[in-house]
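Everything on this sheet refers to the single structure shown next.
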Amino acid sequence: MNQLLSLIALVTIAGAVFAADDDGAMPDFTHAKFVEGDRSLKNLIEFPDIDFDAEITLMCNGIASAKGRLQNSKCSSPGDPDLLFTMSVSRVFNTLRVVPATVNGREEEVDFQFVVIFKKAGAAESIDIHLNNQKNVDRLGLDYISAQRYSPHPLPNRCAGWQQDDLLIEAAIVDTNGRPRDVNVMSASAGIPPSCRKGLINQLEDARWIPAMYQGQYVESVWINPIVLTKQPYKRQQ
């Protein structure tokens, strides 16, 4: 786990970059986001019934489908050992709706990262939601939208024989055109077979993202993606 933390700490960016594609052409992007109104995430969440002051940040990721559904989503927080806050978010995933991402007007399935911040101070309670992975807050603050990968990313065939319970971290810097550099894949415990790691890295190098957005501009950003691997049955969970 220390190795993973070192990776995340090392993947930093000196500043925001605003650029067009080399040939001047760039796809027309829109990010996936939560709908407003009755089926928005913020309206569906119920603040847990607690009698103490708290500030809990949940890190969440999943898939925003082209049909406006949130799929395979999970949230976690080391500050929520009893899972009160985690469950208050997770139990509404099947009910809420998202606005699909688009690339050149076509609705696309994308990986989807967001944070939910609960705060309670006395009688005052608040819930804030941000559509990012919090890996760029030192440079961009909380009000940016993370890059969203829209290229297919099944687990490579060369990883199929590796049956381990493990947490992998995929990392990349995604530029303003949605292209990656400095990609890496690391394991929390078991260690990745070289052929599997190479397959994941090849997949990342060929991947495409909707770039991160800050104040209406596309920006270069750090993208981090956790993959939970379970061996019985063997599957990949975003």
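None of the figures in this text is laboratory data; all of them are computed from the coordinates on show. If you're wondering where the values come from, they're calculated on a predicted model, not measured in any experiment. Quick reminder, even Gly has a Cβ in these numbers, built from the backbone with ideal geometry, and neighbours come from all protein chains shown.
Just a few scattered comments:
- Nonlocal Lys pairs with alpha-carbon distance under 19 Å, region 25-184 (8 or more apart, or different chains): 8
- Candidate aspartates and glutamates - alpha carbon under 18 Å from Lys198, same-chain residues fewer than 8 apart omitted: Asp166, Glu170, Asp182, Asp206
- Taking the Cα atoms of region 32-130, the ratio Rg/Rh between the radius of gyration and the Kirkwood radius comes to 1.01.
- Among the chymotrypsin sites (Phe, Trp or Tyr not before Pro) found in region 20-98, those both in a DSSP coil and sparsely packed, with 15 or fewer other Cβ atoms within 10 Å of their Cβ, are Phe52.
- Dipole of region 77-222, positive end: most advanced residue of Tyr218, Gly199, Val137 [Cβ charges, Cα centre]: Gly199
- If a spin label sat at a point 7 angstrom from the Cα of Asn43 along the line to its beta carbon, the backbone N atoms of region 93-108 nearer than 19 Å would be those of 93-100.
- Taking every C-alpha pair closer than 8 Å and separated by at least 6 residues, the mean separation divided by the residue count of region 32-97 gives a relative contact order of 38 percent.
- Gap separating the Cα centres of region 42-93 and region 179-230, nearest whole Å: 24 Å
- Annotation: extensible slack from Ser189 through Val228 equals 12.9 nm (criterion: 0.36 nm per residue apart, minus Cα-Cα distance).
- Amide H contacts of Glu108 (H built 1.01 Å from N, under 5 Å, at least 5 apart or other chain): Ala101, Thr102, Val103
- Full extension of the segment from Glu125 to Gln164, taken as 0.36 nm per residue of separation minus the current Cα-Cα distance, would add 9.9 nm.
- Backbone HN-Hα couplings from phi across region 98-103 [Karplus 6.51/-1.76/1.60, Hz, Gly and Pro as x]: 10, 7, x, 6, 9, 10
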